[in-house]
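The values are calculated or read from the model by the stated rules, or taken from the named source; none is laboratory data. Note that the structure is predicted; figures quoted are calculated from it, not measured. We place every Cβ from the backbone using ideal geometry, glycine too, and count neighbours over all the protein chains shown. Ligands, DNA and RNA are stripped out before the accessible areas are found, and what is left, the full protein with its side chains, is counted by its heavy atoms. Shrake-Rupley method; radii C 1.70, N 1.55, O 1.52, S 1.80 Å.
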Amino acid sequence: MNERKRYNRFSDKMKEIYGKRVIKISLNGGFTCPNIDGKKGFGGCIYCSKKGSGDFAGDVKDSILKQFNAVKDKMSEKWSNGLYLPYFQAFTNTYAPTEELKKIYDSVLYLDDVIGIAIATRSDCIEDDLIDYLESISKTKELWIELGIQSIHEKTVSKLNRQETLFEIEETIKRLRAKDINICVHIINGLFDETKTDMIETIKYINTLNIQCIKIHMLHVLKDTPLAKIYQRGEFKLLTKEEYIDIITDQIAHLDPKILIQRITGDANRDELIAPNWIIKKFEVLNGIDWEMERKNIFQGSFYRKY
Ligand code: SF4
């Protein structure tokens, strides 16, 4: 565990393995999503932004390589000695025939200073022949598949228009893990009337999955989303920063200490954000989490049990 942190950061693990800072670069591969185009559903998940939850990804009009180089050039001014993990983030990044996907991934995978790739997708959108290809990548490069779970509670998920079941997610995790492919899952805190106990139950469930990494987000409301309309009608309240910090510190204490943590705050583009504004000050949230874990005298896994 990192000396300064009471939880296991993905970034520290990458540095330990590769000896240098690893910088993730968000990309837009020009995909859409089966939950938007009608294959699985219409309209998308209610919180999904116009950019397919890839608000920090590059400009889709540019090639993947151009998007990658534009960010790399900026980053290398700050960290001249870094390594890179291109992240296919916007929309569903396995939603194309495998031959097409290979070309897209390969355009950055074998560049100098690139350790591998991360791919955000849906569990119902990963064909067997793609898994074979992903397995071949993972044998020589860093490979992470990122899957949204958000919550295990049906009372909540039924309101999100995700059009994806926990059973589908579990089955896909089994198929990927059978090939030893690393998995990072995403969850969202503060969904409607979920209680702290509900959110901790989601973590306990995640401990039972064979996954290697987690991103925990605070629910945030973006412009021009169905969630924005529900929020503006006053149908739910967002967590305060203090409530969020209290909940997430207990979640971290329940989380299996082997699972790496890649994100514990929201990540919103401030021009698109309606609320809560406190997520913009990321360092204040991160510091608040550190102080609260110290005050409670807990570490990642302090309350972890094998369930
Ligand atoms: S699965 Fe992802 S890209 Fe598709 S609608 Fe939901 S959040 Fe957006």
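Here is the figure for region 1-36: residues that are more than 15 Å from R162 (Cβ to Cβ), within 16 Å of the ligand (Cβ to nearest atom) and either open to solvent by 50 Å² or more (accessible area, probe 1.4 Å) or not hydrophobic (A, V, I, L, M, F, W, C) (or both) total 5.
Residues of region 121-143 that are open to solvent by 10 Å² or more (accessible area, probe 1.4 Å) and under 14 Å from the mean Cα position of the chain (by Cα): T121, R122.
Answer with yes or no whether P86 is buried (at least 22 other Cβ atoms within 10 Å of the Cβ), more than 16 Å from the ligand (Cβ to nearest atom) and closer than 27 Å to I131 by Cα. Against the criterion (buried (at least 22 other Cβ atoms within 10 Å of the Cβ), more than 16 Å from the ligand (Cβ to nearest atom) and closer than 27 Å to I131 by Cα), P86 qualifies.
Against the conditions (1) surrounded by fewer than 20 Cβ atoms within 10 Å (Cβ to Cβ); (2) out of contact with any strand residue (DSSP E or B) (no Cβ under 6 Å at 6 or more places or on another chain), where does L239 fall short? Just the number, please. L239 satisfies every listed condition except (1). In region 39-53, the count of residues that are within 15 Å of the chain's Cα centre (by Cα), away from the ligand (no atom under 12 Å from the Cβ) and closer than 22 Å to L143 by Cβ is zero.
Of all residues assigned to region 38-58, none qualifies as being open to solvent by 40 Å² or more (accessible area, probe 1.4 Å), of a type in the set (K, R) and farther than 28 Å from Q150 by Cβ. Checking each residue in region 195-233 for being open to solvent by 20 Å² or more (accessible area, probe 1.4 Å) and either over 15 Å from L255 (Cα atoms) or in contact with a strand residue (DSSP E or B) (Cβ under 6 Å, 6 or more places away or on another chain) (or both) picks out T195, Q212, H217, H220, K223, D224, P226, K229, I230, Y231, Q232, R233.
In region 210-303, counting only helices (runs of 4 or more DSSP H) that sit wholly within it, the ones holding 1 or more residues that are among the aromatic types (F, W, Y), farther than 30 Å from E142 by Cα and free of Cβ contacts under 8 Å to residues at least 12 places away in the same chain span 282-296.
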